[in-house]
Structures are given as structure tokens and as C-alpha cells.
């Protein structure tokens with residue numbers, strides 16, 4: 001859970017999330033006691049970090065606002081390679097993070113503006129369309145046997161306002177292009 005990214009939200013956005021969750025109907029659920037294996041049972045109490053709330057930039061500045069959205073969406077957490085669980089800063093947003101799946105290995109995409117291996121050749125319209133095509137969760141393409149599903153929550157991001165997606169695109173295009181050829185799926 002990328003709580004450090006979520007902890008950089010504007011306080012009003014946090015309140016909006018709480019209000020939304022409280023608007024959902026309650027569901028009766030019996031869950032078991034939480035059990036953590038060693039050493040996580042000891043480490044857990046040392047990991048949390050106090051939130052570093054920020055002010056949400058005005059939407060009239062799409063690059064700053066897009067940077068805010070990219071930060072709180074934790075895009076870097078998934079789209080950056082890690083070493084021993086730590087993000088490799090010089091590879092920020094260049095993709096290649098491994099996700100072990102039951103039938104293979106999934107790697108995240110390069111979302112830097114590199115022209116060959118990232119989204120540098122994409123137009124704003126291509127970026128928005130790529131997200132919006134997943135608006136209807138029932139229309140998501142089926143995964144065939146032997147294929148690996150992506151962990152990208154397309155249907156959730158497809159519900160974003162187009163202006164927000166455009167701001168994210170504007171911000172991502174300010175990043176340093178990093179050439180990083182990714183093999184997205186392997187067995």
C-alpha cells in the first residue's frame with residue numbers, strides 16, 4: 001500500500017474520501033483476527049510515517065496539478081524498478097517493476113517521455129483515449145489462458161475527468177526521458 005504517496009494529499013481530498021466511504025452502505029462481514037508472520041509482526045509498528053499533507057495546486061496550472069495527481073496516485077511506485085524493495089530513483093517512471101503473477105512475471109510500462117520506449121510519441125488525445133476505452137468495466141478485454149493480466153486499475157482511472165488525465169499527461173511529459181525497453185510479460 002503506497003501510504004506515503006497517499007499521505008501527500010491535500011487535507012480536503014482526504015476529507016472527500018472519508019465522506020465518500022461513509023456514504024457507502026454498510027456490509028456485514030466477519031473477518032478473522034489479523035495475523036502477521038515474523039518479522040512483519042514487529043516491523044509493522046516501525047514503518048508508518050506521519051502524513052506530509054500538501055496543498056492541491058490549482059487546475060489552471062496543469063503541470064503542477066498533474067504532478068499532484070501523479071504523486072497521490074502513486075504512479076511512481078508501480079512504474080519504477082526496485083532493488084530490495086526500494087525504488088531506484090534514477091529509473092523513476094521508466095517502468096520495469098516486476099510483479100509475480102501465478103503464471104508468469106508482469107513488468108510495468110515506461111511512462112517517461114522517451115520517444116522509443118516510453119510515452120514520448122503519444123499525443124494527449126492518445127493518452128486520454130487509452131484510459132477512457134476502459135470506462136465500462138464489463139467491456140474489459142478477457143484474458144485468455146496463458147496470458148497475464150495487468151495490475152493497472154484501468155477501469156478506475158477511466159472514470160477520471162479528462163482534464164485530470166490531460167494534466168497527468170502534461171506532467172509526465174516534463175519528466176526526464178529514460179530509455180528502458182520493457183518485456184511486459186514472461187513465463
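What do you reckon, is residue 99 touching a strand residue (DSSP E or B) at 6+ places or on another chain (Cβ under 9 Å), in contact (Cβ under 8 Å) with a residue 40 or more places away in the chain and outside any loop (DSSP other than H, G, I, E, B)? Answer is yes for this residue. Under the condition of being more than 20 Å from the chain's Cα centre (by Cα) and assigned to a helix (DSSP H, G or I), which residue from the range 132-145 is modelled with the lowest pLDDT? Residue satisfying both the conditions and the ranking: 139.
Taken together, the criteria place residue 119 among residues that are under 16 Å from residue 95 (Cα atoms) and either surrounded by fewer than 17 Cβ atoms within 10 Å (Cβ to Cβ) or modelled with pLDDT of 85 or more (or both). When restricted to residues that are surrounded by fewer than 12 Cβ atoms within 10 Å (Cβ to Cβ) and more than 18 Å from residue 108 (Cβ to Cβ), the range 166-178 contains 1. Among the conditions (1) more than 29 Å from residue 59 (Cβ to Cβ); (2) surrounded by fewer than 18 Cβ atoms within 10 Å (Cβ to Cβ); (3) at pLDDT below 95, the only one that residue 181 does not satisfy is (3). Mind telling me which of the residues 163, 150, 129 ends up being surrounded by fewer than 18 Cβ atoms within 10 Å (Cβ to Cβ), assigned by TED's automatic domain parsing to the domain that holds residue 65 and in a loop (DSSP other than H, G, I, E, B)? The match here is 150.
Given (1) in contact with a helix residue (DSSP H, G or I) (Cβ under 9 Å, 6 or more places away or on another chain); (2) surrounded by 14 or more Cβ atoms within 10 Å (Cβ to Cβ); (3) touching a residue at least 12 places away in the same chain (Cβ under 8 Å), identify the lone condition not met by residue 91. (1) is the only condition that residue 91 fails.
The values are calculated or read from the model by the stated rules, or taken from the named source; none is laboratory data. This structure is a prediction, so every number in the text was calculated from the model and none was measured. All Cβ positions, glycine included, derive from the backbone under ideal geometry; neighbour counts span all protein chains shown.
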